[in-house]
Amino acid sequence: MLEEDEESISLTNAEELSNRLFTITKMDKVGRLTCRNSKEARTAGDLKSYVSANPFRLQDGYRPILCISPINFCFLVEGYDFTITPLGEIKLKH
């Protein structure tokens with residue numbers, strides 16, 4: 001996740017990277033995405049109280065789940081913008 005379109009990401013800060021790394025788990029018919037943080041292990045039912053429509057902000061700290069609308073889409077895509085190596089390293093393509 002990015003806060004701004006052309007934001008630079010520090011690949012050396014592991015905590016920052018883990019707070020930014022999400023997996024898309026659901027897309028509704030109007031295009032909203034539900035995204036779960038990569039280190040989140042709780043069930044979807046346990047996370048319902050954490051769902052927020054607020055855009056991603058790094059200063060908010062750890063967010064277990066996000067619900068973002070198309071107007072707030074601001075993220076990099078694995079395979080297009082970056083890759084994750086078998087050792088878990090993130091390598092930017094651009």
Between F82 and residues 5 or more places away or on another chain, which pairs have amide H atoms under 5 Å apart, with H built 1.01 Å from N, and which residues are they?
V77, K93
Based on Cβ point charges of +1 for Lys and Arg and -1 for Asp and Glu, what charge dipole magnitude is obtained for the chain about its Cα centre, in debye rounded to the nearest 20?
500 debye
With the cut-off at 23 Å, report for region 14-92 the share of all Cα pairs above it, as a whole percent.
21 percent
Which one of A44, L2, I65 has its Cα pushed farthest toward the positive end of the charge dipole of the chain, where Lys and Arg give +1 and Asp and Glu give -1 at the Cβ?
A44
Under a Cβ-Cβ cut-off of 11 Å, what is the net charge of the residues other than G61 that fall near it, where Lys and Arg count +1 and Asp and Glu count -1?
-1
Pull out the extension gain between V51 and S8, defined as 0.36 nm times the separation in residues minus the alpha carbon to alpha carbon distance; nm, one decimal.
12.8 nm
Give the aspartates and glutamates whose C-alpha is closer than 14 Å to that of K91, dropping any in the same chain fewer than 8 places away, or say none.
E78, D81
Taking the Cβ of R42 as the center, what net charge do the other residues with Cβ under 15 Å away carry, scoring Lys and Arg +1 and Asp and Glu -1?
+2
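Read the figures in this text as sums done on the coordinates, not as results from a lab. Not measured: the values here are computed from a predicted model. With ideal geometry, Cβ positions are generated from the backbone for all residues, glycine too; neighbour counts draw on all protein chains shown.
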